[in-house]
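Heads up, the thing below is written out as structure tokens.
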Amino acid sequence: MLKDIDDREMPLLDHLIELRNRLMYSAAAILLGFVVSYFFADEIYRFLTKPLADICLANSGPDQRPLCTRMIYTGLTEAFFTYLKVAFFAGAFVTFPFVATQLWLFIAPGLYRHEKEALLPFLVATPVLFFIGGAVVYYFIFPLAWRFFLSFQTPGVEGSLPIQLEARVGEYLDLVMKLIFAFGISFQLPVALTLLGRVGLVSSEGLARNRKYAIVAVFGVAAVLTPPDIISQVGLALPIILLYEVSIIMVRMAEKRRREREAAEEAE
């Protein structure tokens, strides 16, 4: 089996130097992404606010006015720091595949050839699933959730004051970025469980047997990560439950391949 190792053994100091280099490359990529994204902060801002703007401008209240017409900031530095956070968010989101590649390059020398071949598809799947998670929340969850929140606006009548949305730009973008990252990370569930299954830490039978507990845990996590509305919570929980079922199938396939490989090794 030793001949299957591609790279020579490295002492601890070399491993630490390699880890430092990979972290520096990742930090430099995120910093570069942040700087580039800052020059496009206006376009990124418009992209992130488009779901809310479309709903506000396409619908009107009883007085035929748009449901909302602007965003505000209440601190002198709020808008500036919001643009910085938007640029950092965009830079981290775009450079995520590069950071994942650096992680792979750090752990790859310590793997056998068949382990590298087994893990390479997961390296590809990780950024793809992350972007799919972000797209799901942007194109499907945001429109439903924003309509729900805007439904609480009421016109003023005699003896009462109207309830109208005056969204703070910082609060809105914090919520949007939090949800995009929450969905992106949650969509890594099949990758995480399949890798755990490959090393024998979880089994397909155990995952299937504990399905009901997993569903309760998923809804609990969704309640923490999403706003306090049923649409966002269900919108996050249902895809995760579906991905959990996919994970059971993938772990079962990984177990089958592991048994076949062990049987072939024993035959030799």
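Read-outs: derived from the displayed coordinates by stated rules, not from any lab. Source: prediction; values computed, not measured. We place every Cβ from the backbone using ideal geometry, glycine too, and count neighbours over all the protein chains shown.
Backbone phi angles across the range 18-31, fed through the Karplus curve with coefficients 6.51, -1.76 and 1.60 (θ = phi - 60°), yield HN-Hα couplings of 4, 4, 4, 4, 5, 5, 5, 4, 5, 5, 5, 5, 5, 4 Hz in residue order; Gly and Pro are listed as x. Value of Rg to Rh for the chain, rounded to two decimals, is 1.08; Kirkwood radius and Rg both from alpha-carbon coordinates.
Around the amide H of ARG168, modelled in the peptide plane, lie the amide H atoms of ILE72, all under 5 Å away and 5 or more residues distant in sequence or on another chain.
In the distance distribution for the range 169-268, Cα-Cα pairs more than 20 Å apart total 48 percent. Taking a Cβ cut-off of under 11 Å around VAL169, the surrounding Lys, Arg, Asp and Glu residues balance to a net charge of -1, with basic ones at +1 and acidic ones at -1. Couplings 3J(HN,Hα) of the range 201-207, computed from phi: 7, 9, 10, 5, 5, x, 5 Hz, in residue order, whole Hz [Karplus 6.51 cos²θ - 1.76 cosθ + 1.60, θ = phi - 60°; x for Gly and Pro].
Projecting the Cα atoms of VAL137, ALA267, TYR213 onto the dipole axis of the chain, where Lys and Arg carry +1 and Asp and Glu carry -1 at the beta carbon, places TYR213 farthest toward the positive end.
Nearest 10 degrees, 0 to 90: what angle lies between the long axis of helix 189-198 and the longest principal axis of the chain (Cα atoms)? Tilt of helix 189-198: around 10 degrees.
Seen against the Cα atoms of the chain and their longest principal axis, helix 78-94 is set at about 30 degrees.
Counting lysine pairs in the chain whose alpha carbons fall under 30 angstrom apart, excluding pairs fewer than 8 residues apart on the same chain, gives 8.
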